[in-house]
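Working notes for the structure below.
The values are calculated or read from the model by the stated rules, or taken from the named source; none is laboratory data. Bear in mind the structure is a predicted one, so any value in this text is a computation, not a measurement. In this analysis, Cβ positions are derived from the backbone assuming ideal geometry, glycine residues included, and neighbour counts consider all displayed protein chains. Note: accessible area is taken over every heavy atom of the protein model, side chains too, but ligands, DNA and RNA are not part of it. Shrake-Rupley method; radii C 1.70, N 1.55, O 1.52, S 1.80 Å.
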Amino acid sequence: MKFYITTPIYYLNDAPHIGHSYTTTAADIMARWKRLKGYDVAFVTGTDEHGAKIVAAAKEKGKSPQEFVDEMSEKFKDAWKLLNISNTGFIRTTDASHIKNSQDIIQILFDKGLIYKKKYTALYCVGCEKFILERDLDENGCCHDHKTKPQLQSEENYFFKLSQFQEILLERILDEKHKEHIEIQPMERRNEIIGKLKLGLDDISVSRATLDWGIPVPFDKNHTIYVWVDALISYITAIGYPAKNNPLSDFWPADIHLMAKDILWFHCVIWPAILIGAGLAAPKKVYSHGFFTIDGDKMSKTIGNVISPQALVDKFGVDAARYLTVSLIPFGPDGDISWSGLNLKYNTDLANNLGNLTSRLNKMFQKYFEGNIPSVKHNGVLFEKAEQVLNEDFAKEMDAFQIHKASDALQKALTLINQQIENDAPWTLAKTDMEKLKECLFSYIQSFDLILLYLFPYMPVISQKIWDINGAQGNLEEIAKDYFANPKKYKDGFSKAGAKLQAAEVLFPRIQ
Ligand code: MSP
């Protein structure tokens, strides 16, 4: 079973920030979840290195574009290393293989008569790296997203016959039974795309005559390929296009292209059209999460509200930063992130629920059983209840990419154990019924271990740490894979009788 997930390849004019890490962490959680479920996963991220925006940013820093992208690309690699992102590939659009493959695809489209030359005059927004219509500007004649005035460009460009693809795209997007169905999520965004598609499609310019910093058009070296076309093609070049016997690797078509709504049109319309035009399969699913503000404002260097992955890690640690970023706001609609919101979520979910359960349980085992797992028959009632929440709520939400709701399910499962402890009152049982106490503590720890298997995609290091503290043996990820392949094998749980719990450190100190 193959699974291919991508993030956008990010522009290098900005250093990595929480907007980028939001998408990348979400994709990582999905990739890790699919691996646990037995999939062979390709997970690609990367950097978008051509275009006018990069030239301008390099110039500002007094660097050549190549020097600039080499430096900036490392920052993204470092950020993903810092956040323990498990990407299997990192594509740079200045990679030689990518340059060659982009030229091949453009050549195929040209040979098929899908590209022609025409003089064009229009407004171009460098921030968006796209032509923009006057009616889409604000009252000051500026781009809504970038608040800058677009420049009038007039040049002879090569055009791609996008207008020919309206029907085929509509058919594949609308018909869920179509064998090459293109699914767009969430529904509201899908409907927006369909509405816009129904209005008809204009051909799009796919080359630039005045921009050197790009991939040369193979049939006319005076032009470079439009940065967005080159960028989209990275999704196939990153997984080894062209493969030997089949032009695309086994991982294509992509299972999920993940991004925010800002670039959905490129992924749902332009990209599938290029692929179909070149005789290749279109992606199976395009998933858009929302765009978020920070404390109500657009993230910007001028406002000074940009949150970097490093700042998050400095404050919360790596695993908590991963968890908090994706579980604070609903995954899909637009939202707002703030330090106070992050702190509150940290205290509620991590310090009070997860961290507290770890130390509370540990203390009871130390106090009543000298830190050993007692030998007792597993009363599986609590375990089964937790299994139900995890298999039903968590797995269902995760598979629908409702990643914040899946984290709620984790909290719900943890709360089940905390509530059971309150109901059983082990501190009383310790005076009245040692056998019952053994049975209760044994069932808490097995249920807790079970939750850790599901927590792993969010918190790969902390979940293993708690696993070790709980006296469960071995590599959590490997055991989780085995559990998902054969859950019945583990009905007695994971921490074995006779194993010793480790002393629990404070994993999530409360933030005042
Ligand atoms: N280079 C193009 C993508 C080419 S993909 C073939 C690009 N790059 S970008 O650096 O601007 O990245 C945009 C993406 O970054 C968004 O789609 C989203 O995934 C992420 N985000 C950046 N800021 C964000 C928010 N404030 N909120 C949510 N996601 C954010 O577009």
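Side notes on the structure shown:
- Sorted peptide list for 308-314, 102-108, criterion being average Cβ within 10 angstrom, highest first: 102-108, 308-314
- With all pairs of different C-alpha atoms in the average, the Kirkwood value for the hydrodynamic radius of the chain is 25.0 Å.
- Amide H to amide H, with H built 1.01 Å from N, Gly46 comes under 5 Å of Tyr10, Ile91, counting only residues 5 or more places away or on other chains.
- When peptides 498-507, 426-435, 407-416 are sorted by average Cβ neighbour count within 10 Å, with the highest value leading, the order is 407-416, 498-507, 426-435.
- Span from the the stretch 357-383 Cα centroid across to the the stretch 1-55 one, whole angstrom: 40
- Applying the criteria of a DSSP loop state and at most 12 other Cβ atoms within 10 Å to the chymotrypsin sites (Phe, Trp or Tyr not before Pro) of the stretch 443-512 yields no site.
- Trypsin sites (Lys or Arg not before Pro) lying in DSSP loop within the stretch 268-344, provided at most 10 other Cβ fall within 10 Å: Lys301
- Here the stretch 339-490 has 50 percent of its accessible surface on carbon and sulfur atoms, given a 1.4 Å probe and all protein chains in place.
- Kyte-Doolittle mean at least -0.5 and Cα axial length at least 27 Å: DSSP H helices in the chain: 403-424, 434-455
- Of the GluC sites (Glu not before Pro) found in the stretch 130-192, the ones in coil according to DSSP and having at most 12 other Cβ atoms within 10 Å of their Cβ are Glu139, Glu176.
- Accessible area of the chain divided out per residue, in Å², using a probe of 1.4 angstrom: 42
- Ranked by the mean number of other Cβ atoms within 10 Å of their residues, highest first, the peptides 215-222, 111-118 come out as 215-222, 111-118.
- The stretch 400-456 versus the stretch 159-205: alpha-carbon centroid distance in Å: 47
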